[in-house]
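Note sheet for the following structure.
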Amino acid sequence: MKKAFFFLSLLMIIAVACDVSITLPTSPAALPTDTIIPATVTPEVFIGLTHAVPAQVELGPVTLAVQEARFGNCELAGCPPAPAGTRYLLVTLQALNLPVGQSLDYKNLPQGIAIHDNTGVNTPYNRIYRYAHAAQQLTLYFAVPENGTVFGLQWPGAAEIPLAVALDGTSVTPQPAFEGVEVAVSPLRLVLPPAVASGVRGNQVPRADGQDLPTWGKTPGHTLLTLEGYALQNRSHQPEIYVYPAQAYVEMLPTVFESIHRLDNILYSPDPQLNSDQLPIVPFFNAQQAFASNIALVPFQNGQGVRFVTEYAQYPAPANNQDLFYHFQGLTRDGAYYIIAILPISNPNLAETSDAGAPLPAGGIPYSYLVDPNADMQLYYKSVDEVLNATPPGAFTPTLQQLDALIQSMLVTP
């Protein structure tokens, strides 16, 4: 099928049928009767990471989350059966923030990785079982005592991580602890980091497909979640997350087919080599993506997607914090839901506004179009990408880690 490329729209879909507000209270208080969650009178609070059993470890700059732990056989060539009195325990770790196209540095694992069990034995990992580059998953296996029934992963520099292992050999995926408060607007549930926003407002947007509607105004009906009390105010974009029924949206618009096709290429290609022309697009923006930096795959509880820092414009616009946003697009594992997140973000190396003469911080890239209308804007945007990619994740506001954590906490169910 031919790929279709359309300019996208900056106008957000504003037709809504139901407005559901959720504000995270600072003290116990009754919530409005039309509040979707929580079931009790106050939001369900997830235990903060500083007080909870961690489910993540670090390998250099990359965060790894425990994906699953199971008993199984070593099926590698030349791999012997587990020694007498032991059985193999396989532990899979998911890379959360590894840049797309880069490989995990699995050959330089730290010394001291082991499994501690209730028999008192510490079992160092035998060898790497598998590294799946496309999925960015690393599986280690350990020859643990056969009579062990309770296990914890020991990783240098981290507290021991209890492993949920089904004794019948079936796989159990541990649920990570996310810092913040759980909120939900059906079918989306997520944990809102307190440094990112103070509440959410949910809208159920009805179907709109009239012949007179512009492309960006059409929808099969979707859920729109707006973050309130967001860390950045008065930006060009509202902090919003959209959840669409994927198949219905694809059937409605070629631009959606194109975007999801690109997303599939990223998620399932064995070795994706990405540039801004290959990233998924925002179907309801009437503008063009100027640049895209900090590209990384980010999984969520029942799916996966790609995030990057970008800016859209209808002219050769300067890179600036007024228009900059963290963009995520993903799919649930069953392909039923298509998620788009648009979350404003700022970088210390960019001008604060889109005014061509706005002050530029030290280390920023001068806006070449200001002095030369024939300037090479692709070179300018490439330089902006390099500056943004070189910025530490924690120097953004909100930080990339905070926004990644919000995305990772998402669970989309009917």
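Values quoted throughout were computed directly from the atomic coordinates according to the rules given, and no laboratory measurement underlies them. Note that this is a predicted model, so its numbers are computed, not measured. A quick note on method: Cβ atoms are made from the backbone with ideal geometry, for glycine too, and the neighbour counts reach across all protein chains shown.
Summary table below
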item	result
Percent of Cα pairs exceeding the 17 Å cut-off, where the set is segment 223-368	63
Antiparallel DSSP beta bridges within segment 231-354, percent to nearest 5	95
Inter-label distance, nm, simple model (7 Å from Cα along the C-beta direction), Gln238/Val121	5.8
Cβ-Cβ FRET estimate between Leu370 and Leu76, R0 fixed at 51 Å, reported to 0.05	0.30
Under-5 Å amide H pairs with Ala290, H placed in peptide plane, nonlocal only	Glu311, Tyr312, Ala313
Fully extended contour minus Cα-Cα distance, from Ser103 to Leu213, at 0.36 nm per residue	35.2 nm
Given charges at Cβ of Lys, Arg, Asp, Glu: segment 60-215 dipole, positive-most of Leu163, Val205, Gln136	Gln136
Amide H within-cut-off set for Ser409, under 5 Å, with H built and near neighbours excluded	Val191
Amide H contacts under 5 Å for Gly199, placed H, 5+ residues apart	Leu24, Glu228
Where GluC sites (Glu not before Pro) fall in DSSP loop in segment 54-96, at most 10 other Cβ within 10 Å	Glu75
Environment charge of Pro239, counting only residues whose C-beta is closer than 12 Å and scoring Lys/Arg +1, Asp/Glu -1	0
